[in-house]
Amino acid sequence: MTAPTDTPTAAQESLTSTAINSSKNSSNGTSPVASSVDDEEAPDLDVEMSLFDHLEELRTRIFSALIAVVVGIVGCFFFVNPIVRLLEVPAQGVKFLQLAPGEYFFVSIKVAAYTGLLLASPFVLYQIIQFVLPGLTRKERRIVAPIVMGSTVLFAGGLVFAYVALIPAALNFFINYGADVVEQLWSIDRYFEFVLLLLFSTGLAFQIPVIQTLLGVLGLVSSKQMLASWRYVVLGGAVLGAVLTPSTDPVTQSLLAGAVLGLYFGGAAVVKVLGR
């Protein structure tokens with residue numbers, strides 16, 4: 001027979017080390033669960049920077065973002081005529097007039113500025129995220145990507161909704177109203193002020209679910225609280241539709257108010273699904 005040995009096995013050594021570590025954590029007043037929670041809430045301090053280093057990084061990122069915006073505007077200015085023709089499609093063949101010398105030139109600059117800013121916005125957003133990311137906790141970092149992706153998709157959806165539904169509905173109302181009395185000759189400058197403002201205001205209005213989700217994930221507002229305030233939401237949607245709509249026609253205001261309400265209740269549903 002073989003005599004038993006006193007040499008510990010690998011499993012015994014693992015259990016012993018685990019017990020020692022647990023006793024050490026207990027003696028220090030900490031637990032593995034608390035340590036993991038602290039790691040989730042602690043910011044990334046791998047790289048320490050002075051105040052001047054932060055200011056220098058901020059200056060560099062602002063400069064890079066401005067360069068991207070300028071490049072986008074200049075690039076869009078060279079292709080402004082196709083962009084203008086695309087934005088004239090919802091007008092249904094209405095003739096546009098240049099009522100002052102150089103009016104179309106300044107309209108071209110305005111259209112190029114809006115379009116260039118829109119195209120450069122992903123890079124600008126990237127610069128902002130890269131600047132604030134080191135100060136975020138691991139928990140906050142995990143929600144950055146879904147929030148940014150959702151915001152981008154919803155903003156693009158707002159632009160499409162305005163171009164396909166809101167602008168044609170508003171223009172159709174104005175064209176049909178008094179069509180037998182006045183001839184439809186519009187100022188090109190006023191038309192593009194109307195179209196560009198409606199496009200970007202709708203894109204911003206479509207950010208409501210993103211704000212709701214962010215508040216829900218951070219534990220500031222629950223889905224129950226959001227749904228309980230539905231009366232104020234209906235009133236606020238009507239006011240927001242009237243404020244964001246550059247025209248005064250009831251069709252456009254109703255469409256935008258309905259979209260805002262749908263987005264709000266959709267955002268509340270997302271927060272409820274997330275269990276917040």
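The values are calculated or read from the model by the stated rules, or taken from the named source; none is laboratory data. Because the structure is a prediction, the values reported are computed rather than measured. As a convention, Cβ positions derive from the backbone with ideal geometry for all residues, glycine included, and neighbour counts pool all protein chains shown.
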- Note on the structure: For segment 52-76, pairs from a residue that is over 25 Å from Val111 (Cβ atoms) to a residue that is part of a helix (DSSP H, G or I) and at pLDDT below 90, with Cβ under 7 Å and 6 or more apart or across chains, are Glu57/Phe131; Leu58/Phe131; Arg61/Gln127; Arg61/Gln130; Arg61/Phe131
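Taking the condition of being part of a helix (DSSP H, G or I) and more than 26 Å from Val144 (Cβ to Cβ), how many residues in segment 156-203 meet it?
Going through segment 156-203 one residue at a time, the tally reaches 27.
If you check Phe77, Phe96, Phe123, which single one turns out to be of a type outside the set (Gly, Ala, Ser), surrounded by 15 or more Cβ atoms within 10 Å (Cβ to Cβ) and in contact with an Asp or Glu (Cβ under 8 Å, 6 or more places away or on another chain)? Full working, then the answer.
Values: Phe77 fails: in contact with an Asp or Glu (Cβ under 8 Å, 6 or more places away or on another chain); Phe123 fails: in contact with an Asp or Glu (Cβ under 8 Å, 6 or more places away or on another chain).
Of the residues listed, the single one that is of a type outside the set (Gly, Ala, Ser), surrounded by 15 or more Cβ atoms within 10 Å (Cβ to Cβ) and in contact with an Asp or Glu (Cβ under 8 Å, 6 or more places away or on another chain) is Phe96.
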- segment 166-201 - residue that is more than 21 Å from Ala257 (Cβ to Cβ) and of a type in the set (Val, Ile, Thr) and, of those, surrounded by the fewest Cβ atoms within 10 Å (Cβ to Cβ): Val181
- Residues of segment 234-266 satisfying the condition of being of a type in the set (Ser, Thr, Tyr) and at pLDDT 80 or above: Tyr264
- Query: Does at least one position in segment 238-255 carry a residue that is assigned to a loop (DSSP other than H, G, I, E, B), free of Cβ contacts under 8 Å to residues at least 40 places away in the same chain and surrounded by fewer than 17 Cβ atoms within 10 Å (Cβ to Cβ)?
  - Reply: yes
- Query: Just a yes or no: is a residue in segment 204-212 assigned to a helix (DSSP H, G or I) and more than 15 Å from Leu154 (Cβ to Cβ)?
  - Reply: no
